[in-house]
Ligand SMILES: Nc1ncnc2c1ncn2[C@@H]1O[C@H](COP(=O)(O)OP(=O)(O)OP(=O)(O)O)[C@@H](O)[C@H]1O
Ligand SMILES: [Mg+2]
């Protein structure tokens, strides 16, 4: 079953065509990896898909709800960890407090952060903050989770922590769309990969197909990561 369908999406900024006729589909349980050079439109695609940006043309169809995890965590600095996670489920989704707290504690345990319930974001490492922001997104029980470069603000060790969390979610069949510059990760965790270049999908397919592609732009891009990433 497809949870998200995007048809012929277009978006320009000041005459610059950033998305030129993008169509894609995300099926239940699928992990879609989106790769491509800086400025190719990856974040704009995610922002349009999640309503943060209004497309100029095209159609976006959802079956269910989505959550979003940003590069820079975007936790509320004046809220404790627990309040960051529980606030929207209680206030927006109007779910019972006890239920939300129990679920949130389980999510914190899963992220290995049970002892941080009362901490504030400034007291946490970048990797811990990012795990909290993943817990916050999961607390809304989304059908699809979007990530925009979830590890690019982190050093290699903390990056590993986050990639493990995402890998575990994939093993639980969480439907995810992940924009990443981590080529090995994309290759290992994604079922389907989209390579964006200058606002179009220049190549797509299974990781084997895309990373083995003879597309010149694709090869040039992968070359920059050395050793085919
Ligand atoms: N709000 C905006 N106003 C004007 N131009 C924008 C805006 N958002 C994005 N752009 C432009 O759109 C293009 C695509 O940007 P986008 O952020 O989608 O790229 P990206 O593929 O996510 O790049 P990166 O890998 O560096 O994150 C860039 O040229 C960018 O300058
Ligand atoms: Mg981006």
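Read-outs throughout are calculated quantities, based only on the coordinates presented, and are distinct from any laboratory measurement. On a predicted model such as this, the values are computed, not experimentally measured, just so you know. For neighbour counting, all protein chains shown are included, and Cβ atoms are generated from backbone atoms with ideal geometry for every residue, glycine included.
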**OP:** Distance from a point 7 Å along Cα→Cβ of residue 88 to each backbone N in segment 150-194: keep the residues under 15 Å and list them by number.
**Re:** 177
Original post:
Pick from 103, 59, 216: which residue has the top mean-square fluctuation in a GNM of the chain where Cα pairs under 10 Å get a spring?
Top reply: 216
Original post:
Which value does Rg/Rh take for segment 1-149 over its C-alpha atoms, Rh per Kirkwood?
Top reply: 1.02
Original post:
Which three extents, in whole angstrom, do the alpha-carbon atoms of segment 108-173 cover along their principal axes, largest first?
Top reply: 31, 25, 17
**OP:** Rounded to the nearest 10 degrees, what's the angle between the helix 97-110 long axis and the longest principal axis of the chain, both from Cα atoms, 0 to 90?
**Re:** 60 degrees
Original post:
Sorted from largest down, what three extents in whole angstroms do the Cα atoms of segment 82-131 have along their principal axes?
Top reply: 31, 18, 15
**OP:** Specify whether the C-alpha gyration tensor of segment 1-85 places it in the rounded, prolate or oblate class, a ≥ b ≥ c being the square roots of the eigenvalues: rounded for a/c under 1.5, otherwise prolate if a/b is larger than b/c and oblate if not.
**Re:** oblate
**OP:** Quick one: angle between helix 81-91 and the longest Cα principal axis of the chain, in degrees between 0 and 90, rounded to 10, please.
**Re:** 80 degrees
Subject >> Most mobile listed residue (169, 138, 16) in the chain, GNM with C-alpha springs under 10 Å >> reply: 16
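Once the piece of chain linking residue 2 and residue 38 is laid out straight, how much longer is it, given 0.36 nm per residue of separation minus the C-alpha distance between them?
Separation in residues times 0.36 nm, less the Cα-Cα distance, equals 10.1 nm.
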**OP:** Take the Cα pairs of segment 64-206, get the Kirkwood Rh, then feed it into Stokes-Einstein at 37 °C and 0.692 mPa s and tell me D in µm²/s.
**Re:** 208 µm²/s
Original post:
Any idea what angle helix 156-171 forms with the longest principal axis of the chain, computed on alpha-carbon atoms, 0 to 90 degrees, nearest 10?
Top reply: 90 degrees
